[in-house]
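Since the structure comes first, as structure tokens, the remarks are kept for the end.
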Amino acid sequence: MDRVVGLEMGADDYLPKPFEPRELLARLRAILRRSRAVRSGPASAPGKEAAPDVLRHGRLEIDRGAREVRLDGAACALTGYQFALLLALAEHAGRVMSRDTMMDAVKGEQIEAFDRSIDVHVSRIRAAIEDDPKKPRRIITVRGIGYVFAKAQD
């Protein structure tokens, strides 16, 4: 009865306890499908999928929704934190970001004075997305300041 009342009130995402995990997954998938359909809108060309969540920089694609990075169509293995760092840099392409700014954008907190973890993460991101990590062309070090994501690539 709770389900019927919930649906009549417009809460199509209402799920009473106890619930089956499969039902929860099915409902989440349905909600995600609806939200994608709303975002792409009726004006989209048939057969052409709108991709507002994908940043493209040359051969590099950063898919915010799928939290996936692709280089020449091949997926690049990054941790969640590395993905967030790369996304923060790519969203500010052409602008130098200090380590503090990067940490703040990703974690929402300041880094300690000697925290060099950003450097380690950037080197691992470079290993995944650069053609030659020793001579980076996408994420460039600005000595004494931080990093910049190159606007023009490839």
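Put simply, of Leu55, Leu15, Leu71 the only residue that is surrounded by 14 or more Cβ atoms within 10 Å (Cβ to Cβ), over 26 Å from Ala90 (Cβ atoms) and either touching a helix residue (DSSP H, G or I) at 6+ places or on another chain (Cβ under 7 Å) or modelled with pLDDT of 85 or more (or both) is Leu15.
Would you check if Ile111 is among the aliphatic types (A, V, I, L, M) and modelled with pLDDT of 90 or more? Considered against the rule, which asks whether it is among the aliphatic types (A, V, I, L, M) and modelled with pLDDT of 90 or more, Ile111 comes out as no.
For segment 26-43, the criterion of being modelled with pLDDT of 85 or more and either of a type in the set (Lys, Arg) or in contact with a strand residue (DSSP E or B) (Cβ under 8 Å, 6 or more places away or on another chain) (or both) is met by no residue. Residues in segment 78-98 that are more than 13 Å from the chain's Cα centre (by Cα) and surrounded by fewer than 18 Cβ atoms within 10 Å (Cβ to Cβ): His92, Ala93, Gly94, Arg95, Val96, Ser98.
For Met102, the conditions (1) of a type outside the set (Val, Ile, Thr); (2) touching a residue at least 24 places away in the same chain (Cβ under 8 Å); (3) under 13 Å from Ile125 (Cα atoms); (4) open to solvent by less than 20 Å² (accessible area, probe 1.4 Å) are fulfilled apart from (3).
The values are calculated or read from the model by the stated rules, or taken from the named source; none is laboratory data. Note that the structure is predicted; figures quoted are calculated from it, not measured. Quick reminder, even Gly has a Cβ in these numbers, built from the backbone with ideal geometry, and neighbours come from all protein chains shown. SASA here: full protein model, heavy atoms, side chains in, ligands and nucleic acids out. Shrake-Rupley method; radii C 1.70, N 1.55, O 1.52, S 1.80 Å.
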